[in-house]
Amino acid sequence: MGIKKLIVFLPVIFWSVITAQENPNVLFLIVDDMNDHGFYKTVPEIKMPYLDKFKESAIVFENANCGSPVCTPSRAAVFSGLYPHTTGAYFNGCDPWNKSEILQKQETLPEMFKRNGYTTFGRGKLYHAKLSEGRLEKNFDNRPIYGGGFGPFPDEEHQIKGKFWGIQAFHDSIFPDVKNADATIDFLNQEHAQPFFCALGLWRPHTPFTCPQRFYDLYNIDDIKLPPGYDENDLDDIPEIAKELLDPFGRFNPEDKQEWKKLLLAYYACTSFADWNIGRVIEALDKSKYSENTIVVFWSDNGYHCGEKNHWEKNTLWEQSAKTPMAIRLPDSSENGKKCQRPVNSVDLYPTLTELCGLNQHSKTDGNSLKPLLKQVETEWHPTITTFGEGFVSIRDERFRYIQYSDGSEELYDHSIDPYEISNVYAKKEFEKILTNLRKHIPQKFAKELPGRRN
Ligand SMILES: [Ca+2]
Ligand SMILES: [Ca+2]
């Protein structure tokens, strides 16, 4: 090689060496519809030994909120770094990556890693929306990029209402979550010349509540209690427009307490199943050569009602839907093992990873890098927001949740005395100033809703 050529190549060689040695890997773990019952121990009986252990070594964001309280837009927000009120991707049927011009142009999180020289790997439920032709392949290097689907579904005998609403045990080998976790473990055991971004998305604990028998066996129906946040008169003080969001599939019957307990048991079993799949992936990482140089991100795409406010699933702007499990483990942080109470958002993950991995970010994002909190969990912070349609917004600061609907009606909850948001105090004189300040965080502009079904 001549001198001239060497001068041209030297920076490339130098950059490659730095990339391989210095840039941390990322293990990006997503669960679907996991709520605070197990992760934040509001129902301590839920068994999740692997995540309990992981939490001891990570920074746990106890006041984490999603951008939108349902699967597709929440994931669009995380992978784009843009809030739903920026893109108009508010609802599940909106086909965000094809219908939004902004999202078509936005570089996704895995695309950014790939452009920065990372090997990218993706398995399971990730976007939960179709990308434009060939774009998924531009996100991930592995083939096939296996998703899997929600199955196995219960047979007719085990359905309570439809195939998504039933309980039945199946063998491990049938579950996409098991196959995808296995493939992720294989990936972590391989040699990688470049740093990697490795994403695994589980399909549980989302319905249907099917899982291997041993996870149902962890629980006894006689020990299952109704959720701690349930109050039968809870709907008395909420605006009428809020009730339009409740139980869109008409499946949940709060009058039938025995069926309710069966569903709770099944949800807890599927939560434990998800815990096991996540746990064995983290164990594989910790045993691998990458354990010392890998950032682990764990989050759920939305929270989940289990009967609170007479509602099952997500789809609302209350704490049960908007709050999500979220934790980040840095390879070496004195804050690992601590809990952060500052209100953060899953939209913040994109700019956080940009900064932590020293990437060159091309697309503009909405969120804030959480690096200051990862360095010091008590750093001063600001409120965060969740939206669910034009004019439907929830603002969370450390003490309050404020909600405003498109007709101007409002709710305010004081978490210092009301962690389950039972008592709507928006009309109390003493909170006038608080309301004025929280209203300032309502977006100035809501992007027009993308067309498509809402649920
Ligand atoms: Ca979900
Ligand atoms: Ca209430």
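What the table below lists for this structure:
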{"read-out": "The range 293-336, residues that are of a type outside the set (Val, Ile, Thr), away from ligand 1 (no atom under 15 Å from the Cβ) and closer than 30 Å to Gln194 by Cβ", "value": "Asn293, Ala327, Arg329, Leu330, Pro331, Asp332, Ser333, Ser334, Glu335, Asn336"}
{"read-out": "Selection from the range 39-84 of residues that are farther than 20 Å from Leu330 by Cα, of a type in the set (S, T, N, Q) and more than 16 Å from ligand 1 (Cβ to nearest atom)", "value": "Thr42, Ser80"}
{"read-out": "Criterion: in contact with a strand residue (DSSP E or B) (Cβ under 9 Å, 6 or more places away or on another chain) and surrounded by fewer than 22 Cβ atoms within 10 Å (Cβ to Cβ) - qualifying residue of Gly134, Gly147", "value": "Gly147"}
{"read-out": "Every residue from the range 261-280 that is touching a Leu at 6+ places or on another chain (Cβ under 7 Å) and aliphatic (A, V, I, L, M)", "value": "Ala269, Ala274, Ile278"}
{"read-out": "Subset tally (residues that are small (Gly, Ala, Ser) and at negative phi) for the range 349-390", "value": "3"}
{"read-out": "Number of positions in the range 293-327 that are closer than 24 Å to Tyr118 by Cα, among the aliphatic types (A, V, I, L, M) and over 11 Å from the mean Cα position of the chain (by Cα)", "value": "2"}
{"read-out": "Meets criteria (closer than 22 Å to Phe39 by Cβ and surrounded by 24 or more Cβ atoms within 10 Å (Cβ to Cβ)) for Val347", "value": "yes"}
{"read-out": "Those helices (runs of 4 or more DSSP H) lying entirely in the range 8-119 with at least 3 residues of a type outside the set (Phe, Trp, Tyr), modelled with pLDDT of 95 or more and crowded, with 20+ Cβ neighbours inside 10 Å", "value": "36-39, 71-80, 84-87, 109-115"}
{"read-out": "Matching residues, the range 281-302, being under 16 Å from Asp32 (Cβ atoms) and not in a helix (DSSP H, G or I)", "value": "Val297, Phe298, Trp299, Ser300, Asp301, Asn302"}
{"read-out": "Test: Ser288 is among the hydroxyl-bearing types (Ser, Thr, Tyr), farther than 25 Å from Tyr83 by Cα and either at pLDDT below 95 or buried (at least 21 other Cβ atoms within 10 Å of the Cβ) (or both)", "value": "no"}
{"read-out": "Exclusive hit being closer than 27 Å to Lys323 by Cα and touching a residue at least 12 places away in the same chain (Cβ under 8 Å), set Asn116, Asn65", "value": "Asn65"}
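Every residue, every condition in (1) charged (D, E, K, R); (2) within 14 Å of ligand 2 (Cβ to nearest atom), yes or no:
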position	(1), (2)
Glu411	yes, yes
Ser423	no, yes
Lys429	yes, no
Leu435	no, no
Lys440	yes, no
Pro443	no, no
Ala447	no, no
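The values are calculated or read from the model by the stated rules, or taken from the named source; none is laboratory data. Since the structure is predicted, the reported quantities are computational estimates derived from the model, not experimental observations. Methodologically, a virtual Cβ is constructed for each residue, glycine included, from the backbone with ideal geometry; neighbour enumeration extends over all protein chains shown.
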